[in-house]
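**Student:** Below: one structure in structure tokens.
The values are calculated or read from the model by the stated rules, or taken from the named source; none is laboratory data. Since we're looking at a predicted model, the values are computed, not measured. All Cβ positions, even for glycine, are placed from backbone atoms using ideal geometry, and neighbour counts span all protein chains on display.
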Amino acid sequence: MPTIFIIIASLLALIFFHELGHFLLAKKFGVKVEEFGIGIPPRIFGKKIGETIYSINLLPLGGFVKLYGEDKAVNDNRSFSSKPLYQRAWIIFGGVAAFFIIAFIIFSLYSGMTGKTSVLGNEGGHFGDSKIVIREIVSDSPAEEVGLREGDILLEIDGKEADARESVIFLLSSKEGEETEIVVQRGEEVLSFSLMPRVDYSKDEGAVGIAMTEVFPKYPLYLAPIYGAKMTGETTFMTISGFTMLISSIIPGVDLPDEMRVGGPVVIVNIGADFYDQGFQDYLGFLGIITISLAVLNILPIPALDGGRLVFLAIEGIKGRPLPESIEYGLNTIFFFLLIVLMIFITLNDLKLL
């Protein structure tokens, strides 16, 4: 149970820093902040400090910063609507920027930590890419039958480089019922095994019956920010690719692999618990990925999200005047409601209530 609280607290902390990005840039440009809220109303607790109410709200599905003159134009120097277009764009983008900054910090800490580098025998630090290490072999599985062992480093799957845990899972599941060559490094030896991934298997055991850990090397502290930036960029690219696949799956006939099914808060907490059990470094990596995912999600051009609000500002810049308030407010309200319904639906599905 304490693990769940730690994960929920971590996710709420990410939301807090996201909203803090909006808040700080609003303050920088002289916009009055009426409320800084964590969670979605109704309000549980609120305290006014200065001109701003700081609140905790009932639904822990997000947060908000309520700006003076944001929903309705107000002719006042301290209103959001009175500020130049570029300042309003920066205030909106501030939340996404905060996610990227936090992800960079997380991945920099991750890169500079000790952890599972001993599996690779590189206690002094190793400069190179991550390695996919087998940490568990399931009994009576194809992996056990051919002689794969815990500690083996995956190098290739049918000639394709094993460069990320997710890609290895996808490759193996796509080879169900087919003879597949797996190349591993065991100590100083490079060994090749031929096996057939199962067609019928439980998700916990996987197609070949192995559990894997993606092991990143330990870097000197002065280089950790460089590799933290690299990991931030690579994770962003991977996340955008994932969202592209998710959106393309709407097209009839296009399907996603099981490993890329949509999951809600319950699934995220469960996955987070697995990473937390593996150790703090693995949990940091999980938080970094979640942070980038939230950044990419927020920048999507959907009303009610930061990306949608930026689209409205772009339209204003092109037309020379903002959209009618009724249209912008109506679109934001409709899509906010749809997003809440979608989140509830996904959560119920996670709980197997649908």
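**Student:** Under the condition of being touching an Asp or Glu at 6+ places or on another chain (Cβ under 9 Å) and not in a loop (DSSP other than H, G, I, E, B), which residue from the stretch 144-167 is surrounded by the most Cβ atoms within 10 Å (Cβ to Cβ)?
**Tutor:** Only one residue tops the list, namely 157.
**Student:** Scan the stretch 72-86 for residues that are among the charged types (D, E, K, R) and over 12 Å from residue 322 (Cβ atoms) and jot them down.
**Tutor:** Just the residues of the stretch 72-86 that are among the charged types (D, E, K, R), to begin with: 72, 76, 78, 83.
Across the stretch 72-86, the qualifying residues are 76, 78, 83.
**Student:** For the condition closer than 30 Å to residue 347 by Cβ, surrounded by 15 or more Cβ atoms within 10 Å (Cβ to Cβ) and either under 18 Å from the mean Cα position of the chain (by Cα) or modelled with pLDDT under 95 (or both), what is the one hit in 95, 69?
**Tutor:** 95
**Student:** Can we say residue 104 is hydrophobic (A, V, I, L, M, F, W, C), part of a helix (DSSP H, G or I) and modelled with pLDDT of 90 or more? First the steps, then the outcome.
**Tutor:** Numbers: hydrophobic (A, V, I, L, M, F, W, C): yes; part of a helix (DSSP H, G or I): yes; modelled with pLDDT of 90 or more: yes.
So residue 104 passes the test.
**Student:** Oh, and also: What's the total number of residues in the stretch 169-178 that are more than 17 Å from residue 245 (Cβ to Cβ) and either touching a helix residue (DSSP H, G or I) at 6+ places or on another chain (Cβ under 6 Å) or of a type outside the set (Lys, Arg) (or both)?
**Tutor:** Selection size over the stretch 169-178: 4.
**Student:** Okay, next question. Can you go through 111, 81, 118 and tell me which one is modelled with pLDDT under 90, crowded, with 17+ Cβ neighbours inside 10 Å and not in a loop (DSSP other than H, G, I, E, B)?
**Tutor:** Of 111, 81, 118, the one residue that is modelled with pLDDT under 90, crowded, with 17+ Cβ neighbours inside 10 Å and not in a loop (DSSP other than H, G, I, E, B) is 111.
**Student:** Scan the stretch 70-80 for residues that are without any contact (Cβ under 8 Å) to a residue 24 or more places away in the chain and under 25 Å from residue 295 (Cα atoms) and report the count.
**Tutor:** Of the residues in the stretch 70-80, 1 are without any contact (Cβ under 8 Å) to a residue 24 or more places away in the chain and under 25 Å from residue 295 (Cα atoms).
**Student:** Still on this structure, I have one more. Count, please, the residues in the stretch 304-325 that happen to be part of a helix (DSSP H, G or I) and modelled with pLDDT under 90. Walk me through it before giving the result.
**Tutor:** Taking the stretch 304-325 and keeping what is part of a helix (DSSP H, G or I), we get 306-319, 325.
Then keep just the ones that are modelled with pLDDT under 90; that gives 325.
Result for the stretch 304-325: 1.
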